[in-house]
Each structure stands twice: as structure tokens, then as C-alpha cells.
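Presented below is the structure to which this report refers.
The values are calculated or read from the model by the stated rules, or taken from the named source; none is laboratory data. If you're wondering where the values come from, they're calculated on a predicted model, not measured in any experiment. Here the Cβ positions follow ideal geometry from the backbone for every residue, glycine too, while neighbour counts run over all protein chains shown.
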Amino acid sequence: MQITKKTLLINAFTLTSCLVSLSVSAAPSQAQLQFFDQLKALCGKAFAGKTTLDNQPSAAFSGDMVMHVRDCSDTQIQVPFVVGENRSRTWIITKTDTGLQLQHQHKHEDGTDDQSTLYGGHTATAGWAEAQSFPADDYSKNLFIKTKTPQSVGNTWHMYLYPNESFSYRLTREGREFRVDFDLSQAVALPKANWGAEKSSD
């Protein structure tokens with residue numbers, strides 16, 4: 001059978017399509033699944049934290065801090081991040097077909113969405129059972145441009161989890177670094193439900 005240039009192009013296209021399909025359908029890494037399960041194991045508990053690094057200090061992060069691993073399923077974990085009396089922030093970690101996604105949900109006190117909400121990113125590497133990173137996704141970059149905070153386009157968020165020891169939330173970009181560490185060795189009293197939460201832990 002004669003192999004023509006057209007046949008070679010078709011075969012090359014088919015091979016490329018198969019490779020793209022395989023990359024899209026790749027499952028979460030074992031490390032990502034372990035990280036998710038270790039965080040889920042904390043469900044129903046709250047832990048105190050404090051800012052350990054902030055090269056641009058803000059009054060918004062000067063109060064007492066508590067993370068509450070509140071709502072958990074096999075695919076999603078919601079972690080309200082309470083600072084003082086501010087209960088507007090919730091971290092949402094979702095298991096996807098290709099890894100883990102981090103979103104930052106922001107609510108007003110009346111329960112309505114803030115203009116800047118659900119920004120975050122998706123894992124780009126396998127990471128480790130104790131550490132995962134989330135570079136900003138396209139939705140977030142577009143939102144940052146729209147809300148006139150273009151410096152945030154380069155954001156990467158990191159989470160570090162050492163069971164029975166510590167959990168850390170960290171933000172990095174050029175010229176900016178922020179980190180909060182939580183003590184997992186001792187649970188604290190559960191905070192009030194975050195603004196807009198359907199369930200109440202009052």
C-alpha cells in the first residue's frame with residue numbers, strides 16, 4: 001500500500017489527538033489524593049492560626065485567625081478562614097479529573113457574593129502528600145484585571161499539611177509573600193458559620 005503525504009498527516013493528527021486526550025483525562029496523582037484525604041480527616045474541627053510572614057502587612061489580617069474544616073464530601077472540602085469578626089472567606093478545595101482545584105469564596109455579611117470571589121487555581125504538578133500549589137487560572141487572571149488588581153495575575157497559592165502538627169496557607173508572586181500557619185496539635189472551639197453559609201454551627 002502506498003503511503004501518501006496525506007496519510008502521514010492524518011496519522012500524525014490522530015496520534016496528537018490521542019496524546020491530548022490522554023493528558024486531559026489523566027487522573028489526580030497519588031500525592032494529590034493523599035493530600036485531599038489528610039485534609040478531609042480534619043473535617044468538623046477548627047484550629048487557631050497566626051500570620052508568620054507578610055511583606056506587605058495589612059490590618060485585614062491582624063485579628064485572631066481560625067480555620068474550620070467544615071463541609072466535606074468525596075470531591076470537595078470547604079474551609080472557612082475566620083479573621084477576627086470577619087467571616088467572609090472560605091477556601092474550597094475540589095478534586096477534579098486531573099488534580100485539585102483551589103477557590104477563594106468571598107461573601108458580604110448579608111450573604112451575597114463579593115465582586116472578587118471564586119478566584120484561585122488548579123494544580124499543575126503532582127505535588128506531595130504534604131504540599132500542593134495552585135497557580136492562578138484564567139478565570140482569576142481575568143477577574144484581577146477587571147477588578148484593577150493586575151499585580152495578582154502572577155499569584156500562586158500553596159497549602160502545606162503535616163497531620164497533627166501544622167497546616168499552612170501561603171501566597172506568593174513577584175515582590176509579595178504572605179503565610180498563615182495553623183496549629184493542628186490542638187483543636188479550638190468552632191467559630192460561627194461563615195456569612196452566607198447554608199448550615200449553621202452557632
**Request:** Inspect all residues belonging to the stretch 94-109 and state whether any of them is in contact (Cβ under 8 Å) with a residue 12 or more places away in the chain, more than 23 Å from residue 36 (Cα to Cα) and surrounded by fewer than 16 Cβ atoms within 10 Å (Cβ to Cβ).
**Result:** yes
**Message:** Against the conditions (1) part of a loop (DSSP other than H, G, I, E, B); (2) under 21 Å from residue 55 (Cβ atoms), where does residue 164 fall short? Just the number, please.
**Reply:** (2)
**Asked** Which of the residues that make up the stretch 15-52 are among the hydrophobic types (A, V, I, L, M, F, W, C), farther than 18 Å from residue 97 by Cα and at pLDDT 95 or above?
**Response** 39, 41, 42, 43, 46, 47, 48
**Prompt:** Restricting attention to the stretch 40-58, which residues are within 16 Å of residue 192 (Cα to Cα), in contact with a Lys or Arg (Cβ under 9 Å, 6 or more places away or on another chain) and of a type in the set (A, V, I, L, M)?
**Reply:** 46
**Message:** I'd like to check something: does the stretch 67-77 contain any residue that is touching a His at 6+ places or on another chain (Cβ under 9 Å), surrounded by fewer than 19 Cβ atoms within 10 Å (Cβ to Cβ) and not in a helix (DSSP H, G or I)?
**Reply:** no
**Prompt:** What's the number of the condition residue 184 fails, among (1) buried (at least 16 other Cβ atoms within 10 Å of the Cβ); (2) under 15 Å from the mean Cα position of the chain (by Cα)?
**Reply:** (2)
**Asked** Could you say whether any residue in the stretch 182-200 is in a loop (DSSP other than H, G, I, E, B), at pLDDT below 95 and of a type in the set (Asp, Glu)?
**Response** yes
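Yes or no, residue by residue, for (1) in contact with a helix residue (DSSP H, G or I) (Cβ under 8 Å, 6 or more places away or on another chain); (2) closer than 22 Å to residue 96 by Cα; (3) touching a residue at least 24 places away in the same chain (Cβ under 8 Å):
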| residue | (1), (2), (3) |
| --- | --- |
| 136 | yes, yes, no |
| 141 | yes, yes, no |
| 144 | yes, no, yes |
| 164 | no, no, no |
| 177 | no, no, yes |
| 186 | no, no, yes |
